[in-house]
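Each value in this text was obtained by applying a stated rule to the coordinates, not by laboratory testing. On a predicted model such as this, the values are computed, not experimentally measured, just so you know. Cβ coordinates were reconstructed from backbone atoms using ideal geometry, including for glycine residues, and neighbour counts include every protein chain displayed.
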Amino acid sequence: MISFNVPPYIGEEEKYIEKAIQNHKISGDGEFTHLCSSWLEEKTGAKKVLLTTSCSDALEMAALLCDIREGDEIIMPSFTFVSTANAFVLRGAKIVFVDIRPDTLNIDESLIEDAITNRTKAIVPVHYAGIGCEMNTIVKIAEKYHLMIIEDAAQGVMSSYEGKALGSIGDFGCYSFHETKNYSMGEGGAILIRDESFIEKAEIIREKGTNRSKFWRGQVDKYTWVDKGSSFLPSELNAAYLYPQLLNAEKINQNRLGSWNEYYEQLKPLADAGFIELPSIPPECVHNAHLFYIKTNSLSERTKLIQYLKESNIETVFHYIPLHSSPAGKRFGRFQGEDRFTTSISERLLRLPMYYGLSSEDIATVTQSIMSFYRFKRN
Ligand SMILES: *Cc1c(COP(=O)(O)O)cnc(C)c1O
């Protein structure tokens, strides 16, 4: 059986978790949380990075930091995970969905301006597959209309756009360390903060609305409730699992990119012959091989291909059910303009097995099975 995903594991995680236990510090913000945050700050150039319990929670923190309220409108693609929208719906906002680009499956930046009203507060670009959105255009629009940018960079750790780390370009960036992502702590994430002036408020929100972070640093002599907040800091045990992966981030990244390139090379003849479509990477983007997808010709063809691969013991999956056509999406959002690509691509997209340590042999098995499904012979 070739699994779709295997959680990342470098082999040193136990050692670090044991150290966390011996430190007698297993709640949040101990040695390993700080090591992970510093590593991420160094890598991304963000003014501050705070580890969180998930990317969903990082997005919720961003919504609180942006002071999103009832009736505010938030612009994002419909082709994304539910958390992108939930974070803002929880604050009473209305979601305005915009179509995606057929090449990167990211929000079509040329359609954003049309979706802006006097209630719009923020744009949430989602860097699908770890491939950057057209951020220069998005930043210009945000400046022109005084909007916040929250990057959903759940899939974008170690990716960049014009040399800048994804997640570090907007006001806030949100990373995921879920077990399906490139680097993992089981469940977890991080919020990247670009502007220093938001750091204190972010620390308060993350620590149940208290000034505990300042208290620990000796900057105040009382630990007390000062603002709205929740519990968004992860356990040290989880941070200790993540840290050795960050230390080996380059190795993990190169391994994934190697797999990605093998898929691409082996499937290119099939794509050139017009049977499927392959992903495209804009020249200004460096990606992280978060996922490898192909586009089939139709929903029924995809259904048959999934079944065919399953019979060859290959697990493949698809996503996303477009948010605007989901029950909650209909209640909490609206689609601006025409849905030219969101639904049609979501029906044709298929994700192939991709994880750290996936063998070349397995990749060859997958690509050969796909070619035999199409009765395609390489010459
Ligand atoms: C995985 C993912 C999330 C959610 O991440 P969690 O850490 O599981 O909360 C949000 N947005 C996108 C685009 C994702 O891929």
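Please give the helices (runs of 4 or more DSSP H) falling wholly within segment 11-102 in which 3 or more residues are away from the ligand (no atom under 16 Å from the Cβ). If you could, list the steps in order and put the result at the bottom.
Numbers: elements: 13-22, 31-44, 55-65, 82-89.
Once the helices (runs of 4 or more DSSP H) in segment 11-102 are filtered for at least 3 residues that are away from the ligand (no atom under 16 Å from the Cβ), what remains is 13-22, 31-44.
For segment 169-211, what are the residues that are surrounded by fewer than 21 Cβ atoms within 10 Å (Cβ to Cβ) and part of a helix (DSSP H, G or I)?
The answer is Glu196, Ser197, Phe198, Ile199, Glu200, Lys201.
Applying the selection to segment 126-153, what residues are in a loop (DSSP other than H, G, I, E, B) and more than 16 Å from the ligand (Cβ to nearest atom)?
Once the filter is applied, which keeps residues that are in a loop (DSSP other than H, G, I, E, B) and more than 16 Å from the ligand (Cβ to nearest atom), segment 126-153 yields Glu134, His146, Leu147.
Return the residues of segment 154-174 that are within 8 Å of the ligand (Cβ to nearest atom) and either touching a Lys or Arg at 6+ places or on another chain (Cβ under 9 Å) or on the phi > 0 side of the Ramachandran plot (or both); say none if nothing qualifies. Quick ask: steps written out before the conclusion?
Looking only at segment 154-174, we keep the residues that are within 8 Å of the ligand (Cβ to nearest atom), and these are 154-155, 174.
Listed by number, the residues that qualify are Ala154, Gln155.
Being at negative phi, in contact (Cβ under 8 Å) with a residue 12 or more places away in the chain and away from the ligand (no atom under 16 Å from the Cβ) narrows it down to one of Gln266, Gln219, so name that one.
Numbers: Gln219 fails: in contact (Cβ under 8 Å) with a residue 12 or more places away in the chain.
Within the list Gln266, Gln219, the selection yields Gln266.
Check off (1) within 16 Å of the ligand (Cβ to nearest atom); (2) touching a Phe, Trp or Tyr at 6+ places or on another chain (Cβ under 9 Å) for Lys121 and give me the number that stays unchecked.
Lys121 satisfies every listed condition except (1).
Quick check on segment 308-316. Is at least one of its residues among the acidic types (Asp, Glu), within 22 Å of the chain's Cα centre (by Cα) and closer than 30 Å to Gly163 by Cα?
We begin by selecting, within segment 308-316, every residue among the acidic types (Asp, Glu); these are 311, 315.
Adding the requirement that they be within 22 Å of the chain's Cα centre (by Cα) leaves 315.
Filter once more, so that each one left must be closer than 30 Å to Gly163 by Cα: none.
For segment 308-316, residues among the acidic types (Asp, Glu), within 22 Å of the chain's Cα centre (by Cα) and closer than 30 Å to Gly163 by Cα: absent.
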